[in-house]
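Trainee: The structure's right below; bear with me while I get my questions together.
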Amino acid sequence: MTDLAINLVASALAAVAAWLVQRAVSYRRLARMRGFFGLHKGAPSLLIAGRHWSSPKVSSVHRSDMGAIVELGAIVKECGAVADLVPAAEAPKELGKVTEFCIGGPESNPRTGAHLAALMPGVRVTTFEDADETVPIFVGTDRYDRLPHEQAHVLLARALPTTHPIFLLVGQTALSNLAAARYLAAHHRELQRQYGDKAPFCLVLKIRQPGAYGPDLVELVADGTAAAFDGSAAPPALPRPRREWWVRGRRP
């Protein structure tokens, strides 16, 4: 009977010890995650979404961008913080007051354009007004083209104008924005080990065969951090494309 009691007490102590260790590990993991994203329990944050390119409504969001918002919202929730979804046209006129997730390129999200101009002088993101359907992204002198249905690129960046970081997901398509959000959710621990909590970064991701696989086939193709934030290697200027107007099937 004594041996049974001793075994029960030992089992209970072992279970309590295992629970305490697991809780300590979970708390440490959560603390690291909060440090990387600049969030803490109850902290406000902003999810600033670009406007759907085909809609005149400023609050209209592409469904793939909504998928990115869900991914980022889950990160904020796991950190115990509070996310406020804001259309790009209604973004607050302030910088670095809270952690910010900015989704979409300058064409759909003017907030992104402002951040790139002010914080990442080595990056140029073209639009359909500036170029053809390749809509290249330049990081320094490196060029990354979109090939419809075959490949698209997206910048995943963290800028630190203050103690509150700004995360930028700047894709050539809404689908690539979603791919970047999923990559951030899946790889933030590795990114923290490489960059810590206080260093900016700018990664170029490639989405392969999006026409067949959607946002699922993603690879890291370049770390453009130095070129993006230094700005010494300025991206080349693109000539405006020559537009041809067709009337009744004939050139004018």
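Trainee: Residues of region 127-197: accessible area per residue at 1.4 Å, in Å²?
Mentor: Values: 2780 Å² over 71 residues.
About 39 Å² of surface per residue is accessible.
Trainee: Given 0.36 nm per residue, what is the gain on full extension from ASP230 to THR134 after removing their alpha carbon distance, in nm?
Mentor: Values: separation 96, 0.36 × 96 = 34.56 nm, distance 2.54 nm.
Between ASP230 and THR134, full extension yields an extra 32.0 nm.
Trainee: Subtract the Cα-Cα distance of VAL221 and ALA186 from 0.36 nm times their separation in residues, and report this length gain in nm to one decimal.
Mentor: Values: separation 35, 0.36 × 35 = 12.60 nm, distance 1.68 nm.
Once the chain is fully extended between VAL221 and ALA186, it gains 10.9 nm.
Trainee: Roll a 1.4 Å probe over the protein heavy atoms and report the accessible area of ASP197 in Å², nearest 10.
Mentor: Around 60 Å² of this residue is reachable by solvent.
Trainee: With no solvent and one equal point scatterer per Cα, compute the Debye intensity ratio I(q)/I(0) for region 1-230 at 0.14 Å⁻¹ and report its log10, rounded to two decimals.
Mentor: Log10 I(q)/I(0), no solvent term: -0.83.
Trainee: A further question follows. Here are some pairs, LYS93/LYS198; LYS93/LYS206; LYS57/LYS198; LYS57/LYS97; which of them have Cα atoms lying more than 29 Å apart in this structure? Show your work: numbers first, answer last.
Mentor: Values: LYS93/LYS198 24 Å; LYS93/LYS206 32 Å; LYS57/LYS198 37 Å; LYS57/LYS97 27 Å.
Distance filter (> 29 Å) returns LYS93/LYS206; LYS57/LYS198.
Trainee: Pick out, in residue order, every one of the GluC sites (Glu not before Pro) in region 77-118 that is DSSP loop and has at most 16 other C-beta atoms within 10 Å; say none if there are none.
Mentor: Sites meeting the loop and neighbour criteria: GLU94.
Trainee: Could you rank VAL135, VAL218 by how accessible they are, 1.4 Å probe, largest area first? Kindly include the intermediate steps, with their values, before the conclusion.
Mentor: Working: VAL135 5, VAL218 45 Å².
So the residues, ranked largest to smallest area, are VAL218, VAL135.
Trainee: With Kirkwood's inverse mean 1/r over C-alpha pairs for Rh, give me the Rg to Rh ratio of region 79-144, two decimals please.
Mentor: Taking Rh as the inverse mean 1/r over Cα pairs, Rg/Rh reads 1.03.
Trainee: Now for a different question. What distance in nm lies between label points placed 7 Å from Cα along the C-beta direction at THR127 and SER55?
Mentor: Modelled inter-label distance: 1.8 nm.
The values are calculated or read from the model by the stated rules, or taken from the named source; none is laboratory data. Please read these numbers as outputs of a predicted model, since none were measured by experiment. Cβ atoms come from the backbone with ideal geometry, glycine included; neighbour counts cover every protein chain shown. Side chains included, ligands, DNA and RNA excluded: accessible areas come from the protein's heavy atoms. Shrake-Rupley method; radii C 1.70, N 1.55, O 1.52, S 1.80 Å.
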